[in-house]
Amino acid sequence: SFTVGTPVPDAPVYVCEGVGTAWAIWQATGNAAVACFGWGNVGTVARAIHQRDNAARLVLVPDVGKEQ
C-alpha cells in the first residue's frame, strides 16, 4: 500500500484502489488516503491499519464500475 497525506487522529482515512484516486481524495478532502494497488488488497490493508490504530475511521472508496 501507499499513503498519500498524513493520517491524523479522529480524521477519516480513505482506502482506495490506486494512487491516482488516493491523490484526488487527499486533494479534495485534505485527509490521508491509502492506495491498496487492487481492490483485492483492501481487506488486508484495512486490517493492517486497524492493527496499528484500532480507532482509525476508515472510508472505503471503490472505483466506479467495479461493483458486482
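The values are calculated or read from the model by the stated rules, or taken from the named source; none is laboratory data. These numbers come from a predicted model, not from an experiment. So basically every Cβ, Gly included, is an ideal-geometry build from the backbone, and we count neighbours across all protein chains shown. With ligands, DNA and RNA removed, areas are computed over all heavy atoms of the protein, side chains included. Shrake-Rupley method; radii C 1.70, N 1.55, O 1.52, S 1.80 Å.
Things to note:
- Selection within the stretch 4-30 - open to solvent by 40 Å² or more (accessible area, probe 1.4 Å) and free of Cβ contacts under 8 Å to residues at least 40 places away in the same chain: 6, 8, 19, 20, 23, 24, 26, 27, 28, 29, 30
- Qualifying residue in the stretch 35-43 (condition: part of a helix (DSSP H, G or I), open to solvent by 70 Å² or more (accessible area, probe 1.4 Å), farther than 15 Å from residue 7 by Cβ and β-branched (Val, Ile, Thr)): no
Each row is one residue, and each column tells you yes or no for (1) modelled with pLDDT under 95; (2) open to solvent by less than 60 Å² (accessible area, probe 1.4 Å); (3) polar (S, T, N, Q).
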site: 32; (1), (2), (3): no, yes, no
site: 45; (1), (2), (3): no, yes, no
site: 56; (1), (2), (3): yes, yes, no
site: 62; (1), (2), (3): yes, no, no
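- Checked against (1) open to solvent by 50 Å² or more (accessible area, probe 1.4 Å); (2) free of Cβ contacts under 8 Å to residues at least 40 places away in the same chain, residue 1 meets all criteria but (2).
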